[in-house]
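Below you'll find the structure, written out as structure tokens, and then a few comments.
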Amino acid sequence: MASTNDNGAAQPAPLYESAKKIYPREIKGRYASLSKLATLVLLGLFYIVPWLTWDGRQAILFDLPARKFHLIGLTLWPQDFPYLALLLIIAALSLFFFTALAGRLWCGFACPQTVWTEAFIWMEQWTEGTRSQRMKLDKAPWGWNKLRRKVSKQVLWIGFSLWTGFTFVGFFTPIRELAPLLVNGTAGGWAYFWTFFYGFATYGNAGYMREQVCKYMCPYARFQSAMFDKDTLIIAYDEKRGEPRGGRKRSVDPREAGLGDCIDCHLCVQVCPTGIDIRDGLQYECIACAACIDACDSIMDKMNYPRGLVRYATHNAMHGGTTRVLRPRVFVYATLLTVLLGGLITSMATRTPIILDVIRDRNALYREVPDGIENIYTLKLINQRNEARVFQLTVDGVPGVVLDGADDAITVEGGGVLTLPVRVRVPRDNAYGIMDITFTATVIDDPDEMIQEDSRFVGLMP
Ligand code: SF4
Ligand code: SF4
């Protein structure tokens with residue numbers, strides 16, 4: 001649509017509407033307390049976990065240079081990549097499962113964007129005041145009061161963002177070593193880059209972008225509706241009960257006045273972090289934070305009306321039908337999740353913490369030595385446990401076979417890799433053709449813990 005300029009001349013309408021700043025109002029209530037608790041617990045975990053140690057090492061550390069992920073007592077190696085892939089698939093399926101059951105619970109209470117935005121809004125409230133004070137402050141001309149409040153907010157935001165960036169990097173670099181290195185300027189370019197980059201992303205997303213991340217950037221917001229059906233739990237306004245909306249005194253009986261229970265106070269809109277009106281029906285912008293439920297319940301209490309004009313409900317329940325919790329898609333997600341989780345737990349429980357790789361030297365078929373025929377191999381022994389293990393290496397498969405180059409007791413440090421060149425010798429009378437041999441690495445203190453690897457021995461050609 002065209003608009004006119006100051007001189008009355010027609011000019012094309014801008015292609016993009018600039019985003020209006022939203023000033024969410026603080027609200028108290030059941031769901032606000034739950035959200036506060038979720039924010040504190042999740043942020044607490046994020047900031048505290050990298051400082052925890054386990055067995056003398058950082059409990060959670062994604063050590064990319066060493067290609068090892070330490071997850072408390074468990075160390076995942078590149079060979080364990082399938083576990084990681086499975087874990088990600090399980091996480092995605094869980095999201096589908098809970099979305100089908102309970103809508104956007106994740107968005108409202110656990111998504112990092114929600115959690116950090118909540119923390120940034122707290123800082124905004126501490127420094128700039130309530131919703132109306134913030135709106136007034138933004139409209140006010142610059143002066144000492146505005147400057148003081150805005151600077152205080154920025155100091156808190158920037159400090160918190162940098163701490164977040166530092167903590168994020170601390171999941172990938174031992175955080176106790178990183179802290180002094182960052183301070184004395186010797187941490188290395190990448191550590192500084194990621195600290196500032198992640199800090200900047202936090203500052204921008206939680207401080208300024210806020211609901212726009214959910215509305216325009218988050219892919220989940222776009223496709224989650226595909227997981228919704230009429231039995232999915234959503235936050236809904238009870239139109240039948242609320243309409244016709246309108247203001248009235250507390251003493252007025254709404255039925256006699258021909259009104260519904262909605263007093264059109266707009267409190268549900270003022271508390272909404274995405275700035276929508278829940279009374280317009282289910283909208284993709286709704287992150288299901290339940291702030292409008294608390295807001296409306298507080299009004300219902302004041303008016304002495306029953307709570308729940310805005311409430312958690314399903315489309316079917318809102319329209320007089322019955323809600324079916326157990327439905328085909330829930331069964332499908334639940335079955336897939338059970339199977340994958342079962343598979344993951346079983347394979348992790350039966351995972352061998354030692355790996356033996358045998359690589360035969362391909363440069364020479366065999367070597368003739370005074371007491372037989374010899375082949376050369378390189379053994380790679382990986383100890384995935386956190387403690388050192390002492391191994392004994394043996395070989396069998398051919399009568400009289402002997403292993404040279406491996407001591408009786410070979411120590412491999414916890415999380416260590418030992419590369420060992422060895423020679424395998426077979427008496428000349430038995431060394432004809434290509435024969436299967438088996439290398440065995442046995443833990444000396446615990447003979448039940450052992451691993452075998454097959455290879456080939458090349459002898460004289462008959
Ligand atoms: S409509 Fe209600 S639940 Fe949805 S985002 Fe707004 S306040 Fe949160
Ligand atoms: S808070 Fe409740 S009463 Fe007030 S406008 Fe929203 S739905 Fe109506």
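The values are calculated or read from the model by the stated rules, or taken from the named source; none is laboratory data. None of the values given here were measured: they were computed from a predicted structure. Here the Cβ is made from the backbone with ideal geometry for all residues, glycine too, and neighbour counts use every protein chain on show. Ligands, DNA and RNA are excluded from the accessible area calculation, which covers all protein heavy atoms including side chains. Shrake-Rupley method; radii C 1.70, N 1.55, O 1.52, S 1.80 Å.
Here are some notes:
- In a DSSP loop and with at most 12 other Cβ atoms within 10 Å, the chymotrypsin sites (Phe, Trp or Tyr not before Pro) in region 122-152 are W142.
- Rounded to 10°, Cα long-axis angle of helix 328-349 versus longest principal axis of the chain: 40 degrees
- Distant-in-sequence amide contacts of R456, defined by a placed amide H-H separation under 5 Å and a gap of 5 or more residues or a different chain, comprise I437.
- Taking N as the residue count of region 384-462, its C-alpha radius of gyration divided by 2.2 N^0.38 Å amounts to 1.24.
- Remark: region 32-48, residue by residue, has Karplus-estimated 3J(HN,Hα) of 5, 5, 5, 5, 4, 4, 4, 4, 5, 5, 5, 5, x, 4, 4, 7, 8 Hz, where x stands for each Gly or Pro and the curve is 6.51 cos²θ - 1.76 cosθ + 1.60 at θ = phi - 60°.
- By the rule of a second cysteine Cβ within less than 4.7 angstrom, the chain holds isolated cysteines at C107, C111, C214, C218, C262, C265, C272, C286, C289, C296.
- Note on the chain: helix-only mean residue ellipticity at 222 nm, from DSSP H runs of 4+ residues weighted -39500 (n - 2.57) and normalised by residue number, equals -11500 deg cm²/dmol.
- Cross-link partners of K249 among aspartates and glutamates (Cα-Cα below 15 Å; sequence separation of 8 or more within a chain): D261, D264, D301
- If you look at the Cα atoms of region 233-327, you get an Rg and a Dmax of 13.6, 45 Å.
- Taking each residue as 0.36 nm, the span from L341 to Q212 lengthens on full extension beyond its C-alpha to C-alpha distance by 43.0 nm.
- The long axis of helix 144-169 is offset from the longest Cα principal axis of the chain by roughly 20 degrees.
- About the Cα centre, charge dipole magnitude for region 1-153 (Lys/Arg +1, Asp/Glu -1 at Cβ), debye: 740 debye
- Charge dipole (region 59-196, unit charges on Cβ, about Cα centre) - positive-most of V183, L84, L71: V183
- Solvent-accessible surface of region 262-387, taken per residue with a 1.4 Å probe and all protein chains present: 50 Å².
- For I263, distant residues with modelled amide H under 5 Å away: G246
- Loop-located trypsin sites (Lys or Arg not before Pro) across region 14-108 with a Cβ neighbour count of 13 or fewer within 10 Å are K20, K21, K28, R67, with loop assigned by DSSP.
- Projecting the Cα atoms of Y366, L344, F331 onto the charge dipole of region 329-375, computed from C-beta unit charges around the Cα centre, puts F331 farthest toward the positive end.
- 3J(HN,Hα) along region 74-89: 9, 10, 9, 9, x, 5, 8, 3, x, 4, 5, 4, 5, 4, 5, 5 Hz, from the Karplus curve 6.51 cos²θ - 1.76 cosθ + 1.60 with θ = phi - 60°, whole Hz, x for Gly and Pro.
- D361/T53 FRET efficiency (R0 45 Å; Cβ-Cβ; nearest 0.05): 0.60
- Loop GluC sites (Glu not before Pro), region 328-434, which have at most 11 other Cβ atoms in a 10 Å radius of their Cβ (DSSP): E387
- The dipole here belongs to region 372-462: it is taken about the Cα centre, uses +1 on the Cβ of Lys and Arg and -1 on the Cβ of Asp and Glu, and is about 420 debye.
- Residues of region 251-269 falling in the label zone of K302, defined by backbone nitrogen less than 20 Å from a point 7 Å along Cα to beta-carbon, are 251-255, 259-269.
- Rounded, prolate or oblate (a/c below 1.5 giving rounded, otherwise prolate when a/b exceeds b/c) for region 75-141 by Cα gyration tensor: prolate
- Excluding same-chain neighbours fewer than eight residues apart, the lysines reachable from K153 by a Cα-Cα span under 29 Å are K20, K21, K28, K36, K136, K139, K215.
- Projecting the Cα atoms of I48, Y208, L381 onto the charge dipole of the chain, computed from C-beta unit charges around the Cα centre, puts Y208 farthest toward the positive end.
- Test item: Cα-centred dipole of the chain, Lys/Arg +1 and Asp/Glu -1 on Cβ, debye: 2860 debye
- Shown in residue order for region 361-367 are the 3J(HN,Hα) couplings computed by the Karplus curve 6.51 cos²θ - 1.76 cosθ + 1.60 at θ = phi - 60°: 5, 8, 6, 10, 5, 6, 10 Hz (x for Gly and Pro).
- Exposure rank, largest accessible area first [K230, K215, K380, K139; 1.4 Å]: K139, K230, K380, K215
- Accessible area of the chain belonging to carbon and sulfur atoms, whole % at 1.4 Å probe: 62 percent
- The stretch between D229 and R148 holds 24.2 nm of extra length on full extension. This uses 0.36 nm per residue minus the Cα-Cα distance.
- Amide H contacts for E449 (H built 1.01 Å from N in the peptide plane; partners 5 or more residues away or on another chain; cut-off under 5 Å): V443.
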